[in-house]
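Inspection log for the structure reproduced underneath, given as structure tokens.
The values are calculated or read from the model by the stated rules, or taken from the named source; none is laboratory data. Bear in mind the structure is a predicted one, so any value in this text is a computation, not a measurement. Heads up, the Cβs are rebuilt from the backbone with ideal geometry, glycines too, and the neighbour counts pull from every protein chain shown.
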């Protein structure tokens, strides 16, 4: 067993709950009658259209639904097993599994006599990101063509990307992180004996972020934010770069059909639950923001499980 398998087991509940929720509201039975757009289905089941569309796209990625010209319909497997009054229907069993979902969430208190000692959630979050960020950062440095040694790391989190950048290039990095996170960023960097990395506390959408950088990195940030916030962030990155400088957008980007790759569609649901307006975005959406800000020479990169778009300031 490798770490990817362990991580897949650890977050398997995400895909499980998507199926459980869709079955609970008879989505598959409704779609067996005729294909529907998300807005039509939302009206029938009294759902938020934006949230339901994210759910439907993930069901396409998981193999339960098909999407054709914005209309959704069942795949053969959903039609056979998840439509009421069919011979092989198992939707009642799936509904029973949903009944047990909250019960399983209480497993720790049933087994252990004391509550776990938990660090501040902000530190837990940054350390969780750091577990995988170093490997991703090294992959970026190996695959993406970048020039210059002065990095602006917007929302740099644990500092892993800046740390790898400085270690490999011998340059310097500036991380812009919120005041509530910055102390933990410094703590993690100190544990790594990191050098030539500054941490600026502030809101990267409105506070000073410096200028004359060669590279502006926006890694795993856009999925937290709305479209308008992302446009503003990219414009601020453009202003902070020198001529010839590059922006690097790293995230779980969707294909333009919004229903693949699978992990990115599932992650959109994760952001639905953990942000006000965040979701995963497509290649074309991000490229549109970059062109609007003034970036040119856009390039796409496929990494192991995430993706990158770069653009150059002319």
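Just a few scattered comments:
- Odd one out for residue 214, checked against (1) surrounded by 14 or more Cβ atoms within 10 Å (Cβ to Cβ); (2) at pLDDT below 95: (2)
- Looking across 115, 136, 143, one residue alone is assigned by TED's automatic domain parsing to the domain that holds residue 234 and surrounded by fewer than 16 Cβ atoms within 10 Å (Cβ to Cβ). It is 143.
- Matching helices (runs of 4 or more DSSP H) fully within region 34-83 where at least 3 residues are on the phi > 0 side of the Ramachandran plot: none
- Hey, residue 45 within 21 Å of residue 252 (Cβ to Cβ), at pLDDT 95 or above and not assigned by TED's automatic domain parsing to the domain that holds residue 269 or not: no
- Within region 50-69, residues that are within 14 Å of residue 16 (Cα to Cα) and in the same structural domain as residue 28 (by TED's automatic domain parsing) have Cβ atoms under 6 Å from residues that are assigned to a loop (DSSP other than H, G, I, E, B) and modelled with pLDDT under 95 in no pair, counting only partners at least 6 apart in sequence or on another chain.
- Wholly within region 168-220, strands (runs of 3 or more DSSP E) carrying at least 3 residues that are under 11 Å from residue 150 (Cα atoms): 172-177, 213-219
- Residue count for region 256-314 satisfying the condition of being within 18 Å of the chain's Cα centre (by Cα) and not in a loop (DSSP other than H, G, I, E, B): 27.
- Enumerated helices (runs of 4 or more DSSP H) restricted to region 90-167, each holding at least 1 residues that are in contact with a strand residue (DSSP E or B) (Cβ under 8 Å, 6 or more places away or on another chain) and touching a residue at least 24 places away in the same chain (Cβ under 8 Å): 121-143
- Extreme residue, farthest from residue 53 (Cα to Cα), among residues of region 68-89 that are in contact with a strand residue (DSSP E or B) (Cβ under 6 Å, 6 or more places away or on another chain) and at pLDDT 95 or above: 75
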